[in-house]
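S.K.: Pasting a structure below so you can have a look.
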Amino acid sequence: MPYYYGFGYDWTFILIIIGGLISMFASGRLKSTFSRYSMIRSASGMTGAQTARVILDANGLSNIRVVPIAGELTDHYDPRNKTISLSQSVMNSTSIAAVSVAAHECGHAVQDLKDYKPYLLRAGIVPVVNIGQNLAMPIFIAGIIFGSFNFLVPIGIGLFSLTLLFQIITLPVEFDASSRAFDLLRECNVLKVQEIDGSKKVLKAAALTYVAGVAASLLSVLRLIIIANSGRRRD
């Protein structure tokens, strides 16, 4: 709910609503595109799990396990325990959507293998980002409420901005993983040339959710800056 801060109505909450709408649009687009291409069987007849296994083995990554995970579109690569987790709609499906998502996660595994710098950078800042997420708002609010501690306001904004930084770094990581996926699917004869267009649509829709995340975080940071500046004017 919108709330009052200082002596005025917090109109900046509209920025959070806009960010939420952008994220909802991107999520809806991904689900509809995935649903569409989950109905189209790939010519190879491979499941998502088989696709991942073939790609991994072909790239010298036989040590990486492919395991199931609950949920929808919860697929991910975990570099800590060297596993690719695939949701049920991907693991056992032979659709273009399923093999595309599986190949995308394999793209992350290849990034890890080849020390792709943006991937390593993203992984390296995760602990700092997690700390920032936990401390940002308490510090920011303390700075707003207690005038003598107003120096905490920019610190809070800076910590909150770490999430935005993380999401910006994530963009090239995800785009590169998708680009690798297309090559891997062709090289391993999982998809024919005419099927790649469908694969691109699925992974572009997935990439849109990360772009939406950046936009939503940017609007949130902007909101905090506006609130902070309003507080200074009242002082």
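The values are calculated or read from the model by the stated rules, or taken from the named source; none is laboratory data. Note that this is a predicted model, so its numbers are computed, not measured. Here the Cβ is made from the backbone with ideal geometry for all residues, glycine too, and neighbour counts use every protein chain on show. Note: accessible area is taken over every heavy atom of the protein model, side chains too, but ligands, DNA and RNA are not part of it. Shrake-Rupley method; radii C 1.70, N 1.55, O 1.52, S 1.80 Å.
S.K.: Name the residues whose placed amide hydrogens come within less than 5 Å of the amide hydrogen of D10, ignoring near sequence neighbours (fewer than 5 apart) on the same chain.
M.R.: When sequence neighbours closer than 5 places are left aside, the close amide H contacts are Y3, Y4, Y5.
S.K.: Show the residues, 5+ positions off or on another chain, whose built amide H is closer than 5 Å to the amide H of V66.
M.R.: I84
S.K.: Using a Förster radius of 35 Å, what is the FRET efficiency between R186 and V128 based on their Cβ-Cβ separation? Nearest 0.05, please.
M.R.: Working: r = 38 Å, r/R0 = 1.07.
That gives a FRET efficiency of 0.40.
S.K.: What distance in nm lies between label points placed 7 Å from Cα along the C-beta direction at V221 and L171?
M.R.: 1.1 nm
S.K.: Additional query: Would you work out the Kirkwood radius for the chain? I mean one over the mean of 1/r across all pairs of different Cα atoms, in Å.
M.R.: Working: mean 1/r = 0.0513 Å⁻¹.
About 19.5 Å, per the Kirkwood formula over Cα pairs.
S.K.: For the chain, give the percent of accessible area contributed by carbon and sulfur heavy atoms, probe 1.4 Å, rounded to a whole number.
M.R.: Carbon and sulfur atoms account for 64 percent of the accessible area of the chain.
S.K.: Let me ask you something else. First measure r as the distance between the Cβ atoms of S35 and I141, then evaluate 1/(1 + (r/R0)^6) with R0 = 45 Å and state the FRET efficiency to the nearest 0.05. List each step's numbers first, then the result.
M.R.: Details: r = 41 Å, r/R0 = 0.91.
For R0 = 45 Å, the calculated efficiency reads 0.65.
S.K.: Could you pull out which residues in the stretch 127-154 have an amide N less than 18 Å from a spot 7 Å beyond the Cα of N229, following the Cα-Cβ vector?
M.R.: Answer for the stretch 127-154: 144, 153-154.
S.K.: Let me ask something else. What accessible area per residue comes out for the stretch 165-209, rounded to a whole number of Å², with a 1.4 Å probe? It would help to have the intermediate numbers written out before the result.
M.R.: Working: 2090 Å² over 45 residues.
Spelled out: the 1.4 Å probe surface of the stretch 165-209, per residue, equals 46 Å².
S.K.: What is the spin-label model distance, in nm, from M24 to I69 if the labels are put 7 Å beyond Cα along the C-beta direction?
M.R.: 2.6 nm
S.K.: Follow-up. Helix 196-234: angle to the longest alpha-carbon principal axis of the chain, degrees 0 to 90, nearest 10?
M.R.: 10 degrees
S.K.: Students often forget the sequence filter, so: which aspartates and glutamates lie under 18 Å Cα-Cα from K200 once same-chain residues fewer than 8 apart are removed?
M.R.: Candidates past the 8-residue exclusion: D75, E105, E174, D176, D183, E187.
S.K.: Using each residue's phi in the stretch 162-174, evaluate 6.51 cos²θ - 1.76 cosθ + 1.60 at θ = phi - 60° and report the 3J(HN,Hα) Karplus result to the nearest Hz, with x for Gly and Pro.
M.R.: Whole-Hz 3J(HN,Hα) from phi for the stretch 162-174: 4, 5, 4, 4, 4, 5, 5, 5, 5, 4, x, 5, 6.
S.K.: Would the stretch 1-140 count as rounded, prolate or oblate if I go by the C-alpha gyration tensor, calling it rounded below 1.5 in a/c and otherwise prolate when a/b exceeds b/c, oblate otherwise? Could you put the intermediate results ahead of the total?
M.R.: Working: a/c = 3.36, a/b = 1.65, b/c = 2.04.
It is oblate, given that a/c is not under 1.5 and a/b is not larger than b/c.
S.K.: Classify the stretch 80-134 as rounded, prolate or oblate, taking a ≥ b ≥ c as the square roots of the eigenvalues of its Cα gyration tensor: rounded when a/c is under 1.5, otherwise prolate if a/b is larger than b/c and oblate if not. Before the final figure, lay out the partial values.
M.R.: On the way: a/c = 2.94, a/b = 1.80, b/c = 1.63.
Here the stretch 80-134 falls in the prolate category.
S.K.: Starting with the highest mean, order 177-189, 217-229 by the number of other Cβ atoms within 10 Å, averaged over the residues of each peptide.
M.R.: On the way: 177-189: 19.6, 217-229: 16.9.
Going from most to least packed, we get 177-189, 217-229.
S.K.: Taking Cα pairs under 8 Å and at least six residues apart, what relative contact order does the stretch 144-235 come out at, in percent?
M.R.: Values: 32 pairs, mean separation 42.0, N = 92.
After rounding, I find 46 percent.
S.K.: Okay, moving on. Have a look at the stretch 130-235 and give its Rg and Dmax from the Cα atoms, expressed in angstrom.
M.R.: Cα radius of gyration and Dmax of the stretch 130-235 are 20.4, 66 Å respectively.
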